[in-house]
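Worksheet: the structure to be examined is printed underneath.
The values are calculated or read from the model by the stated rules, or taken from the named source; none is laboratory data. All values derive from a computational prediction rather than experimental measurement. Glycine gets a Cβ as well: all are built from the backbone with ideal geometry, and neighbour counts include every protein chain shown. Side chains included, ligands, DNA and RNA excluded: accessible areas come from the protein's heavy atoms. Shrake-Rupley method; radii C 1.70, N 1.55, O 1.52, S 1.80 Å.
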Amino acid sequence: DILEGCITPIALSPFCALVLDKMPVQSSPETPASSSSSKESTPLPKQENVAPDGCQHSSPLPSAEPSKAKGSEDLSLLEMDGEVFPTDPPSKLTQYEGCIRLYEEMHRLRAQERLKQRQEQYEQMVTTAYKQACEQLKRFDELKELKWRQEIQDLQEMMEKSSKEAQGKQEKLKEEHRHRAKILNLKLREAEQERQRQEELERLRKEEGQERLRRLYSIQEEVLQLNQQIDPSYRHKDLPKINLSAYSNRGNEICGLVSGLIRTTSERGFPTQVDVASTERALQEMRGLIASMQQEIAAAVEEKRRRDEEEEKQKQELLKAEQMKAEAIAPAQQLGGKQQKGGLQVKADPSTMQWYQQLQDAAEQCVASFSEINNCKDNKEVKRIKTDLQKAATIPVSQISTRAGSQLREIFDKINNLLSGKPVQTGGRTVSVTQHPQGLDFVYYKLAEKFVNQGEEEVTSHRDAAFTIAVVASGIWELHPRVGDLFLAHLHKKCPYAVPFYPALKKGTSMEEYQRMLGYQVTDSKVEQQDRFLKRMSGFIRLYAALMQVRWPYGNKQGAHPHGLNYGWRWLAQMLNMEPLADVTATVLYDFLEVCGNALMKQYQDQFWKLMLFIREQYIPRIEEITSSDQMGSFMRLKQFVEECLQLKDMPLPKGALQSSFWRS
């Protein structure tokens, strides 16, 4: 505001007009002093115009005396011009106002001068303060930078110190970690040793338990076999006066006791030594029972011998009857001997027929051993047990397929458990051969029969199935030899060419019965067609040929095969030593060579190829001689197969042979 007042141009007061208007009214003769004062007041406007110029040129403020002198000079000028501009003498008020305005102007000029000086001082002060502030700012920046560097240095030192401390702690932690790792490794090693020790103890316990369990099963099997000797209808039919019912009842009780003990231990886990001791006591009791029975039987036999010696007449008649029988057999032996026709046998070798007859007798004895369970009609409980055992024996065999090896193993385990006396599930019920004293023989017989029937039914329609059925039958045969004998008995009865032998027509034998002996199926006096008959015989031979060369992969491979390739070589040699039959010989020989030829070639090598040359050069021409035009299919198939094998000097791998990948499926 002060600066604005200095810059604004000077102007008259707004009251000047009022003063000028009143001047004529107040005009009166005054003294020269007043006129002079009025003259001095007239040039005020000029003074006011000059003052700003002096302010602009920054001239020093004049004092009061020079101002009055200048005013007088101005007044004189006004007087000089008074002639041109006549004015009235100013009044006191005008004079006072002019003085006031002059005084105000002076004060204004002084104020401007002082203001200018103060402004310069202020500018100097501001410049000085600015310089000082800049210097202080520089010092402040330097101090700030110094502090920042000190802080950075402190921070670096602190970081280095903390890093060293961290490294020290890390080394300490590493040392502690290594120490703890050593301790943990020791503990882990001790724990692993303890675990291995526990596993070893558990394995030993399981082995001991399994050994005791096998011991129980062997005792049970021996008890059952001993109990079969007590059956009066099987062993001692020629001693009707001897009553063995007490021995039989006690034997059945012992069998039931052993079976119940095994069933209890199987539910509980592995048997204890007390269980084994109990079964051994039962076995000793059964042996003592058998010994007592044999003593009684021996006494009865001795008594019968004395009775026979007294009855000389009956003995003479018996001798006469035996002589007559011998006379009747002699011609038959002469006719049934090794009659030769062109160097080949008409009948099978006597040793082979003896083996065949032994197997058939064993099968008949097995049927007699379970006569009670087989002929049950009124006893519903025995009938139910018979049905359950038959299902448990036959259903798993029907489920054998080429789908997966794991499924085959489940079937094998189920059959093996059943034959071992363990309870198995069938039809939603638990079944065991220990439920009846004759249950084991019944299952043996039905299982062997079912294996043979599978060859007749399944292998006939699906030839690849021969190996899966054969490998299960081979494994069961190895663990339970009686099943193998019954299997051969059933096979020879249904397919005599598996012996091999050709049944002869005897006097008194009907044609239907003779056709059955040859292997044909006769229904209502109608014999099956030749094509169907050959397919069934082919199924039997293929199953038999596959069984000779396969073994159960999870069994004991250290022992010999229960019915290995030596039987196949014997079968082939005996077949080639016999006169061929039209259509039949070519069919069974082709099937046998196709299935078993590769295995025989690997086993016998050069001897096998000599046999193949014999077939091509000597035996095939004999077959061709007896083959009619409508029977040439099987003959040509055999001839072509033999020629191709001799030409390639190799026997092809049979279709359906089980590879190692099959058992991983």
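Quick look at the values:
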read-out	value
Candidate residues LEU565, LEU589, LEU143: accessible-area rank, largest first, probe 1.4 Å	LEU143, LEU565, LEU589
Estimated dipole of segment 365-423 in Debye, rounded to 20 [Cβ of Lys and Arg +1, of Asp and Glu -1, Cα centre]	140 debye
Phi-based couplings in Hz for segment 639-648 (Karplus 6.51, -1.76, 1.60; Gly and Pro marked x)	4, 5, 4, 5, 5, 5, 5, 5, 5, 7
Accessible-area ranking of ASP630, ASP464, largest first, probe 1.4 Å	ASP630, ASP464
Largest-first ordering by accessible area, 1.4 Å probe, given options TYR554, TYR445	TYR554, TYR445
Under-5 Å amide H pairs with THR426, H placed in peptide plane, nonlocal only	VAL431
Solvent-accessible heavy-atom area per residue, rounded to whole Å², over segment 350-564 at 1.4 Å	45 Å²
In Hz, Karplus ³J(HN,Hα) per residue of segment 445-453 (6.51, -1.76, 1.60; θ = phi - 60°; x = Gly, Pro)	5, 5, 5, 4, 5, 5, 4, 5, 5
Greater than 30 Å apart at Cα, pairs in LYS414/LYS493; LYS304/LYS377; LYS494/LYS655; LYS450/LYS649; LYS383/LYS493; LYS422/LYS450	LYS304/LYS377; LYS450/LYS649
Rounded to the nearest 20 debye, dipole of segment 575-655 from Cβ charges on Lys, Arg, Asp, Glu	300 debye
